[in-house]
Amino acid sequence: MSDQIKYVLSEDDIPRTWYNFAADLPFMAPMLSPVTGEPVGLDGLRLSMPDGLAEQELSTEPEFEIPETVRQLYRQWRPTPLFRARRLEQTLGTPARIYFKYEGTAPTGSFKPNTAIAQAYYNKLAGKRVLIAETGAGQWGSAIAFAAPLFGLSARVFMVRVSYEQKPYRRLLMETYGAECLPSPTTTTEAGRAALEERPDHPGSLAIAKAEALQVAYADPDYGYTRGSALNSICAHQTVIGQEAIAQMALAEDYPDIVIGCAGGGSNLAGLTFPFLREQLRGGKRVRTIAVEPTACPTLTRGRIAYDHSDSARMTSLVRMHTLGHKFVPPPVHAGGLRAHNIAPLVSRAVEDGMMEAVARPQVACFEAGVMFARTEGILPAPESTHAICVAVEEARRCAQDGESRAILFGLTGHGNFDLSAYEAYFAGRLPDDAVDDEALAFGFDSIPDLSAA
């Protein structure tokens, strides 16, 4: 049989809780205040998030109940489908069983609304009127633009300039939902002006966009800052992906040997893999999990584990994680969602403890795999997702060489319908294999705080 197979759950199967991976770890290094260097408590977190999210961020409870209002809104697109990629298997001539969990059926075309709706809900409870966000490729900005009006809120988004220029339709989607989208760095904030003074043609970075968003949010108590990835609470919100995937694999009467996700800030990767790691930690089958990042922004594979900020203005808490330094500026690869200098501390911990592997791949090879996937499975993947596809294809080919039939599951985080300019560049041979040089790495590393001198 060569046809694609779809595994679908009912609305009753939407998870009722978010899973908190931190509960299954013996110790997590605390966040530190950027001012005092002391551990951050609820009062410190309340500067940038409402109480409900701050409590989740510091919690060691294994699960958080999903508010019924949020769960009802999830019903618009959840549960998302899981597919068996039979046609891809046939093209590769592999005995591997390839599955993918597809988040592109969400209203904005990616996994981001899973936490955007949750964050909009908690900010509404806190009395906020405007949601402020930074975004790389525009997926997070689109999700916040979509979620805000569901709760009677408006939204303002700082979008990394190179992505703002590369992906005009992401900006237009945000504006269609009613949000204001600004190319970062801007001249409207201190952080933006500082970046432009340093480099007038600055392409932007998530760290700069984050600094701009924070400076605007801190200036008005009616503004609520929202964040698209990395935090413990956000990783928890995304675990609806993996929880559904476990149930769908049961429908397939199968279970993955390998689970693969693309890695930027880390939340989609966490959302898919953490529920499988929970099963493993509690005596279930051991699963090989793989994080795939771009060679142009090799946070896990070439970064350092250190306390660092998430923004260029050093306003965010210091967090222990893999980082390239908050001043690092990656090349303008098309996988804008994977251009973060840092990654979720929970993902960092999983890699550090050997529960997860990390690899980096160049973008041309990833687009090659993405085109193969589109021509066999009919879905145009987002550039970010092609990184997971690339390694899934590699593993499937390895199965063909070894003559072993393994089950491979990867996360297809969203569609690439707004990323056709990237595919155009690939077909024209104009898509470079951007790799970060030692000078850029050294510049970023130099910005990592030296806490020993504090």
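Scoring residue 24 on the criteria (1) surrounded by 15 or more Cβ atoms within 10 Å (Cβ to Cβ); (2) modelled with pLDDT under 90; (3) among the charged types (D, E, K, R) leaves a single failure, condition (2).
If I filter the range 74-81 for residues that are hydroxyl-bearing (Ser, Thr, Tyr), modelled with pLDDT of 95 or more and under 14 Å from residue 118 (Cα atoms), do I get at least one hit? Looking through the range 74-81, at least one residue is hydroxyl-bearing (Ser, Thr, Tyr), modelled with pLDDT of 95 or more and under 14 Å from residue 118 (Cα atoms). Is it the case that some residue within the range 368-382 is in the same structural domain as residue 268 (by TED's automatic domain parsing), in a loop (DSSP other than H, G, I, E, B) and farther than 19 Å from residue 262 by Cβ? Within the range 368-382, one or more residues are in the same structural domain as residue 268 (by TED's automatic domain parsing), in a loop (DSSP other than H, G, I, E, B) and farther than 19 Å from residue 262 by Cβ.
Scanning the range 200-216 for residues that are surrounded by fewer than 24 Cβ atoms within 10 Å (Cβ to Cβ) and outside any loop (DSSP other than H, G, I, E, B) yields 215, 216.
Of all residues in the range 345-359, none are buried (at least 21 other Cβ atoms within 10 Å of the Cβ), more than 11 Å from residue 297 (Cα to Cα), in contact with a Pro (Cβ under 7 Å, 6 or more places away or on another chain) and among the β-branched types (Val, Ile, Thr).
Checking each residue in the range 129-156 for being surrounded by fewer than 24 Cβ atoms within 10 Å (Cβ to Cβ) and either touching a strand residue (DSSP E or B) at 6+ places or on another chain (Cβ under 6 Å) or not aliphatic (A, V, I, L, M) (or both) picks out 129, 130, 149, 151, 152, 153, 154, 156.
Determine whether the range 131-151 contains at least one residue that is farther than 23 Å from residue 414 by Cβ and in contact (Cβ under 8 Å) with a residue 60 or more places away in the chain. Within the range 131-151 (the criterion being farther than 23 Å from residue 414 by Cβ and in contact (Cβ under 8 Å) with a residue 60 or more places away in the chain), the answer is no, since none of the residues qualifies.
Looking only at the range 118-136, how many residues end up being in contact with a Lys or Arg (Cβ under 6 Å, 6 or more places away or on another chain) and of a type outside the set (D, E, K, R)?
The number of residues fulfilling the criteria is 2.
Here's the yes/no breakdown for (1) among the hydroxyl-bearing types (Ser, Thr, Tyr); (2) in the same structural domain as residue 384 (by TED's automatic domain parsing):
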| position | (1), (2) |
| --- | --- |
| 46 | no, no |
| 75 | no, yes |
| 86 | no, yes |
| 89 | no, yes |
| 96 | no, yes |
| 99 | yes, yes |
| 105 | yes, yes |
| 116 | no, no |
| 122 | yes, no |
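Selection of first residues in the range 96-122 that are on the phi > 0 side of the Ramachandran plot and modelled with pLDDT of 95 or more and of second residues that are crowded, with 23+ Cβ neighbours inside 10 Å and in a helix (DSSP H, G or I), restricted to Cβ pairs under 8 Å at least 6 apart or on distinct chains, gives the following pairs, ordered by first then second residue: 109/139; 109/142. For the range 292-308, filtering for residues that are closer than 13 Å to residue 345 by Cβ and buried (at least 24 other Cβ atoms within 10 Å of the Cβ) leaves 4. Note on the range 128-187: among residues that are of a type in the set (Asp, Glu) and in a strand (DSSP E or B), the one that is farthest from residue 331 (Cα to Cα) is 180.
Annotation note: Cβ proximity below 9 Å between a residue of the range 396-412 that is farther than 25 Å from residue 381 by Cα and a residue that is among the basic types (Lys, Arg) and part of a helix (DSSP H, G or I) (sequence gap 6+ or interchain) occurs for 404/398. Of the residues that make up the range 196-205, is at least one in contact (Cβ under 8 Å) with a residue 40 or more places away in the chain, of a type in the set (Asp, Glu) and in the same structural domain as residue 226 (by TED's automatic domain parsing)? Checking the range 196-205: not a single residue is in contact (Cβ under 8 Å) with a residue 40 or more places away in the chain, of a type in the set (Asp, Glu) and in the same structural domain as residue 226 (by TED's automatic domain parsing). Among the residues making up the range 295-328, a single one is more than 10 Å from residue 341 (Cβ to Cβ) and among the aromatic types (Phe, Trp, Tyr): 307.
Please tell me if residue 395 is within 27 Å of residue 112 (Cβ to Cβ) and part of a helix (DSSP H, G or I).
Details: within 27 Å of residue 112 (Cβ to Cβ): yes; part of a helix (DSSP H, G or I): yes.
Criteria met by residue 395.
Do the conditions hold for residue 274, that is, is it aromatic (Phe, Trp, Tyr), crowded, with 24+ Cβ neighbours inside 10 Å and modelled with pLDDT of 95 or more? So residue 274 passes the test.
Residue-by-condition table, conditions (1) touching a strand residue (DSSP E or B) at 6+ places or on another chain (Cβ under 8 Å); (2) touching a residue at least 24 places away in the same chain (Cβ under 8 Å); (3) over 30 Å from residue 354 (Cβ atoms); (4) of a type in the set (Gly, Ala, Ser):
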position	(1), (2), (3), (4)
19	yes, yes, no, no
40	yes, yes, no, no
46	no, no, yes, no
63	yes, yes, no, no
85	yes, yes, no, yes
93	no, yes, yes, yes
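For residue 246, the conditions (1) in contact with a Gly (Cβ under 8 Å, 6 or more places away or on another chain); (2) over 24 Å from residue 338 (Cβ atoms); (3) β-branched (Val, Ile, Thr) all hold with the exception of (1).
Within the range 407-439, the set of residues being more than 22 Å from the chain's Cα centre (by Cα) and under 17 Å from residue 261 (Cα atoms) comprises just one member, 407. Each residue in the range 320-340 was checked for being crowded, with 23+ Cβ neighbours inside 10 Å, at pLDDT below 95 and over 23 Å from residue 408 (Cβ atoms), and 9 pass.
The values are calculated or read from the model by the stated rules, or taken from the named source; none is laboratory data. What you see is a predicted model; the values in this text were computed from it and never measured. When we count neighbours, we look across all protein chains shown, and the Cβ atoms used for this are built from the backbone with ideal geometry, even at glycine.
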